Amino acid sequence: MIRRSVIYILVLCMVLTSMMLGSCQRLQTASEVCNSFMIAMERNDFEAAHSLIWKRSGRVSKDNFISMCGNIIKTLGITRISFPSYEITENGNSITFSYTIRYEKSDEFSFTNSAKLQVVKEGSSYYIQYSKDMLIPDYEPASKIVRSVLKGERGEIFTSDRTAVAVNDYSDTVAIKVSADLDVNTTINSLSTLLELTDKEAAKIRESYNTALEREYGEVSAYVFPKGSVTEELKTQLESIEGVFIDYKLTPQRYYPYREVYAHVVGYTSKPNEDELKALKEKGFDDAEIIGRYGIEAAYDDYLQPKSGYAYRLYRPDGSYNYTIYEQPALDGADIFLTIDHQRQQKTYYLMASKLASNQTGATVEMDPSNGSVSVLISMPSFDPNIFSFPVPTETYNQLIEDERSPLYNKATLGLYPPGSTIKPFVATPALEKGLITKYSVFPYKIVKNTWKPDEVWPWEPITRTETPDSELNMETAFRYSDNIYFSWVALMTGEETFLKYMESIGIGKAVPFDLPTSRSNLLNANTQMDRKMLADLSIGHGEMLITPIQAASMYSCMRNNGDMLVPKLVEKIARYDKNDAEDVLYQAEKEVYIKGVMKPETVRTLTPALIAVVNSGTARSLKKDNVVIAAKTGTALKGDKKNTKVAWVAAWYVDSDEEKLVVVMTEGNRYQPDHRHDVAKVLLEKSESM
């Protein structure tokens, strides 16, 4: 064991002696001193690198050199230094060392600096002459490298005709001019009285003002209102206070210029909490200031969010800016283009707002059934999304959540309602396709005073209808009058198992896919015992069946797609643009089938004439127009213990037109009030050039 140790020590001494001799030898030529310098820098051995710098002309001290190198490493987060290229040139007595030094920060970035230095000989040794361009250009002791965050902008949201409906703007900011002559206490007291500020709020303004005065800022924010909410009267009152003015370019705000019209489509944003900030950072959004809370803003937040960039800037020893060492530009969020038609969206909103009573709610969906593009999406009542750009006053928020009409709730996508007779074309489908009925099938049983009892062992109340038809009760007549007895008969013939299986196959019991969250529709409750009475109720869109308006639109799209149900689309395109407006398309909507073969093509051809008859001489005859063939189905369902609440539907679409259009209108309110569904649908069914 002792012998092995002696041998190891002898070998180690030989290696060290060789290294020492090699070190002395490296200093005998210009090439070797330059190589030694590069090796020392690559190893972060800055003391060794400094030992190779000439100590006479333009000398930099060891401490300064090590500090300068360390500052680059620490401030920029450099993980590797390398020299991808170098050249040593001798011209007579002049020796030049030219090189490119590369600084790398993991996989995040790298940058290079090219330097040209002189190599001098002193005695038998060579040294590199120091230059302030040796490490990075114009870098000298006491220079500072500062990292600055470069903010990107959140993507904006536009309609199909490029109308901006969610933009980056500024709020109405009540500001105070900073001046040593201002009696700031009097100013803040006056503001407190006018704006009803708390003592804590007033103290915060005073603290901010004192800081601004000390740092010689020109103004300080005192209070922020959402954009456009400061009236002329309030502005006059505020600006009558000494030192107070309104600054319209001070506080950034996500702004929704059309307010209630797009609230349920676009949604709103607010500041993220700590958990959300952590999640955003994990996605690469390190400096996120707002997060989508609702609507498209929430559903597509990852696309809309910008990614901050950064710049490393060099400042001279006197503190003045020198130049930018490296810059990673910010990446703006992508812009989102909706399928919504701005003119039609506005017109529909204001039409519904004018027609519906204060105790009524409703939703409207207009869609191109050939591709699923949604051109109108309205939920009533609505709200102003701008109020969420800043903390919402408790009183305002309580009013919104306590309103029994639920203005914050998107009834078009989340509201669940009994479909009433709008389900009847889908009730007839399995019976038609199994050959149980044809379009000529006539109801074969006796009806007494608009009631029918299916058989002698029917223990429930008879099935009723509201009106006696004007002709024999075949399928077309049943659709024109929306005859409950006929469709109950059809469902009872179809049978419970086949009926339920078909309804499940067309998406009843599921949530329709969409760009916004949708509620899961309902066929039967979990503990319901299915029987013939429930089957009869389901056949007329009652019982426990519930669907959303957007699902109704998707279902009826099968009438224009040979029986295929389409996925409704709200987002047309997502794109990002550079400074030269070059477009990078991240997403482009395409026609997408949700459920194939909801109906056979021949079933569509069978049902369509009957549904045209609904418009020509049936329950939707107020929708009839001379310049276009329209098919439709209406539906009504009563809710509540006393059946005093009415859910009224109409689904209507063009049959023979160069233009494709499908409209679904749903209103809910007192059963004895006009429901206005036809008033809204009639306007939307005007040809586009007529609107």
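The values are calculated or read from the model by the stated rules, or taken from the named source; none is laboratory data. What you see is a predicted model; the values in this text were computed from it and never measured. Counting neighbours? That spans all protein chains shown, and the Cβs are built from the backbone with ideal geometry, glycine included.
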Residue, nearest to residue 146 (Cα to Cα), within region 93-109, restricted to residues that are surrounded by 17 or more Cβ atoms within 10 Å (Cβ to Cβ) and of a type in the set (Phe, Trp, Tyr): 103
Top-ranked residue in region 143-194 [being among the small types (Gly, Ala, Ser) and in a strand (DSSP E or B); ranked as farthest from residue 215 (Cα to Cα)]: 164
Some residue of region 79-92 being exposed (fewer than 15 other Cβ atoms within 10 Å of the Cβ) and within 20 Å of residue 328 (Cα to Cα): yes
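Is one or more of the residues making up region 631-644 among the polar types (S, T, N, Q), touching a helix residue (DSSP H, G or I) at 6+ places or on another chain (Cβ under 7 Å), assigned by TED's automatic domain parsing to the domain that holds residue 680 and in a strand (DSSP E or B)? Let's see the steps before the verdict.
Going residue by residue through region 631-644, those that are among the polar types (S, T, N, Q) are 634, 636, 644.
Now narrow it down to the ones that are touching a helix residue (DSSP H, G or I) at 6+ places or on another chain (Cβ under 7 Å): 634, 636.
From what is left, the residues that are assigned by TED's automatic domain parsing to the domain that holds residue 680 are 634, 636.
Then drop every residue that is not in a strand (DSSP E or B), which leaves 634, 636.
Yes; the residues of region 631-644 include at least one that is among the polar types (S, T, N, Q), touching a helix residue (DSSP H, G or I) at 6+ places or on another chain (Cβ under 7 Å), assigned by TED's automatic domain parsing to the domain that holds residue 680 and in a strand (DSSP E or B).
Search region 636-663 for residues being within 25 Å of residue 484 (Cα to Cα) and of a type in the set (Lys, Arg), and hand back the single one that is surrounded by the fewest Cβ atoms within 10 Å (Cβ to Cβ). Lay out the reasoning, then the answer.
Step one: list which residues in region 636-663 are within 25 Å of residue 484 (Cα to Cα), which gives 636-653, 662-663.
Filter again for of a type in the set (Lys, Arg), leaving 639, 642-643, 646.
Working: 639: 15, 642: 8, 643: 10, 646: 20.
Only one residue fits best here, namely 642.
This table checks each residue for (1) more than 28 Å from residue 611 (Cα to Cα); (2) in a loop (DSSP other than H, G, I, E, B).
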| position | (1), (2) |
| --- | --- |
| 409 | yes, yes |
| 413 | no, yes |
| 432 | no, no |
| 442 | no, yes |
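Out of contact with any helix residue (DSSP H, G or I) (no Cβ under 8 Å at 6 or more places or on another chain) and either of a type in the set (Phe, Trp, Tyr) or not assigned by TED's automatic domain parsing to the domain that holds residue 637 (or both), is that true of residue 440? Step through it out loud before you land on a result.
Working: out of contact with any helix residue (DSSP H, G or I) (no Cβ under 8 Å at 6 or more places or on another chain): no; either of a type in the set (Phe, Trp, Tyr) or not assigned by TED's automatic domain parsing to the domain that holds residue 637 (or both): yes.
No.
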Enumeration of residues in region 510-537 that are surrounded by 14 or more Cβ atoms within 10 Å (Cβ to Cβ), of a type in the set (S, T, N, Q) and closer than 29 Å to residue 463 by Cβ: 521, 522
Some residue of region 73-87 being in a strand (DSSP E or B), in contact with an Asp or Glu (Cβ under 6 Å, 6 or more places away or on another chain), within 19 Å of residue 37 (Cα to Cα) and of a type outside the set (Ser, Thr, Tyr): yes
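Any idea which of 401, 437, 447 is free of Cβ contacts under 8 Å to residues at least 24 places away in the same chain and among the hydrophobic types (A, V, I, L, M, F, W, C)?
Working: 437 fails: free of Cβ contacts under 8 Å to residues at least 24 places away in the same chain; 447 fails: free of Cβ contacts under 8 Å to residues at least 24 places away in the same chain.
Exactly one of 401, 437, 447 is free of Cβ contacts under 8 Å to residues at least 24 places away in the same chain and among the hydrophobic types (A, V, I, L, M, F, W, C), namely 401.
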Region 377-393 residues that are among the aromatic types (Phe, Trp, Tyr), paired with ones that are at pLDDT 95 or above and in a helix (DSSP H, G or I) (beta carbon under 7 Å, 6 or more apart): 383/260; 383/263
Cross-chain or 6+ apart pairs with Cβ under 6 Å, region 49-60 first and assigned by TED's automatic domain parsing to the domain that holds residue 118 and closer than 15 Å to residue 34 by Cβ, then of a type in the set (Phe, Trp, Tyr) and at pLDDT 80 or above: 49/37; 50/65; 52/37; 53/130; 54/127
Residue 169 closer than 24 Å to residue 341 by Cβ, in contact with a His (Cβ under 6 Å, 6 or more places away or on another chain) and not polar (S, T, N, Q): no
When residues of region 122-141 are limited to those that are farther than 17 Å from residue 46 by Cβ and out of contact with any Phe, Trp or Tyr (no Cβ under 8 Å at 6 or more places or on another chain), the one surrounded by the fewest Cβ atoms within 10 Å (Cβ to Cβ): 123
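Does residue 328 count as modelled with pLDDT under 95, surrounded by fewer than 21 Cβ atoms within 10 Å (Cβ to Cβ) and under 30 Å from residue 577 (Cα atoms)? Before the answer, list the steps.
On the way: modelled with pLDDT under 95: yes; surrounded by fewer than 21 Cβ atoms within 10 Å (Cβ to Cβ): yes; under 30 Å from residue 577 (Cα atoms): yes.
Taking the combined requirement at face value, the residue satisfies it.
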Residues located in region 109-142, provided they are in contact (Cβ under 8 Å) with a residue 40 or more places away in the chain and part of a loop (DSSP other than H, G, I, E, B): 124, 129, 130, 131, 135, 136, 137, 138, 139, 140, 141, 142
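Give region 529-563 a look and list any residue that's assigned to a helix (DSSP H, G or I) and of a type in the set (A, V, I, L, M), or say none.
Quick first cut of region 529-563, residues assigned to a helix (DSSP H, G or I) only: 532-539, 549-560.
Within region 529-563, 534, 535, 536, 538, 550, 552, 553, 555, 559 meet the criteria.
For region 364-372, does any single residue satisfy the condition of being more than 30 Å from residue 140 (Cβ to Cβ), at pLDDT below 95, in contact with a strand residue (DSSP E or B) (Cβ under 9 Å, 6 or more places away or on another chain) and not in a loop (DSSP other than H, G, I, E, B)? Talk me through it step by step, then tell me what you get.
Applying the first criterion (more than 30 Å from residue 140 (Cβ to Cβ)) to region 364-372 yields 364-372.
When the remaining residues are screened for being at pLDDT below 95, the result is none.
The answer is no, given that none of the residues of region 364-372 is more than 30 Å from residue 140 (Cβ to Cβ), at pLDDT below 95, in contact with a strand residue (DSSP E or B) (Cβ under 9 Å, 6 or more places away or on another chain) and not in a loop (DSSP other than H, G, I, E, B).
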Residue within region 613-633 that is farther than 30 Å from residue 436 by Cα, touching a residue at least 60 places away in the same chain (Cβ under 8 Å) and either surrounded by 17 or more Cβ atoms within 10 Å (Cβ to Cβ) or among the acidic types (Asp, Glu) (or both) present: yes
Per-region count, region 212-237, residues surrounded by 12 or more Cβ atoms within 10 Å (Cβ to Cβ) and not in a loop (DSSP other than H, G, I, E, B): 12
Residue, surrounded by the fewest Cβ atoms within 10 Å (Cβ to Cβ), within region 360-409, restricted to residues that are closer than 29 Å to residue 225 by Cα and β-branched (Val, Ile, Thr): 394
Positions within region 273-318 being surrounded by 16 or more Cβ atoms within 10 Å (Cβ to Cβ), among the aliphatic types (A, V, I, L, M) and over 30 Å from residue 68 (Cβ atoms), in sequence order: 277, 280, 288, 290, 291, 296, 298, 299, 304
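Can you spot a residue in region 412-433 that is small (Gly, Ala, Ser), more than 30 Å from residue 510 (Cα to Cα) and assigned by TED's automatic domain parsing to the domain that holds residue 634?
Within region 412-433, the subset small (Gly, Ala, Ser) is 412, 415, 420-421, 428, 431.
Imposing the further condition that a residue be more than 30 Å from residue 510 (Cα to Cα) reduces the set to none.
Looking for residues that are small (Gly, Ala, Ser), more than 30 Å from residue 510 (Cα to Cα) and assigned by TED's automatic domain parsing to the domain that holds residue 634, one finds none in region 412-433, hence no.
Among the residues in region 211-233, are any within 19 Å of residue 332 (Cα to Cα) and touching a Leu at 6+ places or on another chain (Cβ under 6 Å)? Can you show your working first?
To start, the set of residues in region 211-233 that are within 19 Å of residue 332 (Cα to Cα) comprises none.
No, region 211-233 contains no residue that is within 19 Å of residue 332 (Cα to Cα) and touching a Leu at 6+ places or on another chain (Cβ under 6 Å).
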Considering residues of region 392-446 that are of a type in the set (S, T, N, Q) and closer than 30 Å to residue 598 by Cβ only, the residue farthest from the chain's Cα centre (by Cα): 441
Matching residues in region 664-679 - criterion: being acidic (Asp, Glu) and crowded, with 21+ Cβ neighbours inside 10 Å: 668, 675
Of residues in region 154-174 being touching a Ser or Thr at 6+ places or on another chain (Cβ under 7 Å) and surrounded by fewer than 21 Cβ atoms within 10 Å (Cβ to Cβ), the one nearest to residue 346 (Cα to Cα): 160
Qualifying residue in region 345-359 (condition: part of a loop (DSSP other than H, G, I, E, B), touching a Gly at 6+ places or on another chain (Cβ under 7 Å) and surrounded by fewer than 23 Cβ atoms within 10 Å (Cβ to Cβ)): yes
